[in-house]
Amino acid sequence: MPVIDRDAYLRDGYHPLPGLLDEKDHRRAVEFFDTMDAAGTVSDSYEPEYDQADGVRRLRKLRRLLWNDPGLWGPLLNRTGATDLARQVIGEGATAVFHAAFLKPARVGTEVALHQDQALWTYTYPGAFSVWFALTEVSPANGGLFGCPASHARGLVPHRDRPHYRWHPSLDAAEDGLRAPVQFVLRPGDAVMWDRYFAHGSAANTSPDDRRGMVVVFADSGAPGFRARDSFPLADIAALGGA
């Protein structure tokens, strides 16, 4: 079971989780995304997004992984201890509400502008947090992953549309009074967890290597007025085995 420093998590809004994904499960995930990336078409049930430039078209994002293939992803999430983290942080009422892949392909992978997850969600998820798994090396050399320490303490910061960025409204660390972003340097299998208000993003990938990550988001299904488009309770994930 992963052990976290709760005080550090509450102070910083994030917590590193080195080696959360073991070698066998890392290989399973990589093979799955290799197959999807090589496929001519991907089912609309994954809500795929693509990056493309100079005649190259590659998968950028896949959604609803757990809902599309619970037999693969449920046991994997149990083995990583991500579901144990959900019990620690939220309790038995925790439920998965998102499970997606961010594939940032070599040379054409676009930036993910600085943002807070809660700002982009349709519903409000009190207590929600994300676990982001590195499936490749992650560093500034391939687009990386960065975040602003203690940005969660501000609560929801107003986001703005930017004319040169098409994916979603975003933040600017300096203009919005956030601390300067820190870079996460991760090895395959490492992970980072963060609060729903933690501001984070990544740069474009101009390197010759893919920068792949996968994220699962847990929320408190017992919160008053809880609503979600997708909800996969911990008990149902546990029933899939693998732990």
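The values are calculated or read from the model by the stated rules, or taken from the named source; none is laboratory data. For clarity, every value in this text was computed on a predicted model and none was experimentally measured. Positions of Cβ are backbone-derived with ideal geometry, glycine not excepted, and every protein chain shown enters the neighbour counts. SASA here: full protein model, heavy atoms, side chains in, ligands and nucleic acids out. Shrake-Rupley method; radii C 1.70, N 1.55, O 1.52, S 1.80 Å.
Filtered by the rule that a residue be in a helix (DSSP H, G or I), of a type outside the set (Ser, Thr, Tyr) and over 16 Å from residue 28 (Cα atoms), segment 48-92 gives 67, 82, 84, 85, 86, 87, 88, 89.
Within the bounds of segment 128-147, is there any residue that is open to solvent by less than 10 Å² (accessible area, probe 1.4 Å), at positive phi, at pLDDT 95 or above and in a loop (DSSP other than H, G, I, E, B)? Within segment 128-147, one or more residues are open to solvent by less than 10 Å² (accessible area, probe 1.4 Å), at positive phi, at pLDDT 95 or above and in a loop (DSSP other than H, G, I, E, B).
Among all residues of segment 148-164, there is none that is basic (Lys, Arg), exposed (fewer than 14 other Cβ atoms within 10 Å of the Cβ) and out of contact with any strand residue (DSSP E or B) (no Cβ under 9 Å at 6 or more places or on another chain). Here residue 53 clears all of (1) over 18 Å from the mean Cα position of the chain (by Cα); (2) open to solvent by 40 Å² or more (accessible area, probe 1.4 Å); (3) at pLDDT 95 or above except the condition numbered (3). Given the options 72, 62, 76, name the one that is at pLDDT 95 or above, among the hydrophobic types (A, V, I, L, M, F, W, C) and closer than 24 Å to residue 9 by Cβ. Just a single option satisfies the conditions, and that option is 76. Select from segment 5-21 the residues that are within 18 Å of the chain's Cα centre (by Cα) and either surrounded by 13 or more Cβ atoms within 10 Å (Cβ to Cβ) or under 20 Å from residue 70 (Cβ atoms) (or both) and list them in ascending order. Within segment 5-21, 9, 12, 13, 14, 15, 16, 17, 19, 20, 21 meet the criteria. There is no residue in segment 185-193 that is hydrophobic (A, V, I, L, M, F, W, C), modelled with pLDDT of 95 or more and in contact with a Lys or Arg (Cβ under 6 Å, 6 or more places away or on another chain). Taking residue 227 as the residue in question, decide whether it is over 25 Å from residue 31 (Cα atoms), in contact with a helix residue (DSSP H, G or I) (Cβ under 8 Å, 6 or more places away or on another chain) and open to solvent by 50 Å² or more (accessible area, probe 1.4 Å). Against the criterion (over 25 Å from residue 31 (Cα atoms), in contact with a helix residue (DSSP H, G or I) (Cβ under 8 Å, 6 or more places away or on another chain) and open to solvent by 50 Å² or more (accessible area, probe 1.4 Å)), residue 227 does not qualify.
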